1. May I have the extent of the alpha carbons of the range 1-76 along their three principal axes, as whole Å values ordered from largest to smallest?
2. Give me the percent of accessible area attributable to carbon and sulfur for the chain, probe 1.4 angstrom.
3. Working from Cα positions, state the angle (0 to 90°, nearest 10) between the long axis of helix 24-41 and the longest principal axis of the chain.
4. Given an 8 Å cut-off on Cα distances and at least 6 residues of separation, report the relative contact order of the chain as a percent.
5. Label His51 and Glu36 with points 7 Å out from Cα along Cα→Cβ: what is the distance between them in nm?
6. Packing-wise, with mean Cβ within 10 Å as the measure, how do 36-43, 88-95, 51-58 rank, highest first?
7. Need one number: % antiparallel among DSSP beta bridges in the range 42-143, to the nearest 5.
Amino acid sequence: MGNAFRSTVRVRFGHCDPAGIVFYPRYFEMLNDFVEDWFAQALHWPFDVMHATDRAGVPTASLECRFHAPSRLGEPLTRELRVAHVGQSSCVLDIRFAGPAGDIRLTAAPRLVCVDLDSLAPRPLPATVRAAMDAFHMTETRA
């Protein structure tokens, strides 16, 4: 299997509902922050350059998500990202969040589309970004 981009995030008070578990929209914020970090740290196309200089964006066109188990206040979550597919102007990611024991809490498959910010029409992903994505391409399907 290809390399994974990984990071850890601690479940904060602001992520939780009154029951002390992550309120599901907060997972989507954590997921978006993680994708933004991947673009900056691994693909070398940070969102400030992408948006302000290159006049591009990568909005989520579709998102499949499954919540496997709740996450609680204070727990560290390990986030892992691999690339399932890369097209000319889009990519599909395979993202997992795991709890401290390695148990899966969330799986997600967002499809991001590179667009021109002025017209909002799809545009090709830069060649350097596509090449950098190759390091994270899955070579087999995960269970």
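The values are calculated or read from the model by the stated rules, or taken from the named source; none is laboratory data. Not measured: the values here are computed from a predicted model. Glycine gets a Cβ as well: all are built from the backbone with ideal geometry, and neighbour counts include every protein chain shown. We work out accessible area using only protein heavy atoms, side chains counted, and drop any ligands, DNA or RNA first. Shrake-Rupley method; radii C 1.70, N 1.55, O 1.52, S 1.80 Å.
1. Largest first, the range 1-76 extends 43, 30, 23 Å along its Cα principal axes.
2. Roughly 53 percent of what the probe reaches on the chain is carbon or sulfur.
3. Computed tilt is about 50 degrees.
4. Worked out over the chain, it gives 30 percent.
5. With each label placed 7 Å out from Cα toward Cβ, I get 0.7 nm.
6. For the peptides 36-43, 88-95, 51-58, the packing ranking is 88-95, 36-43, 51-58.
7. 95 percent
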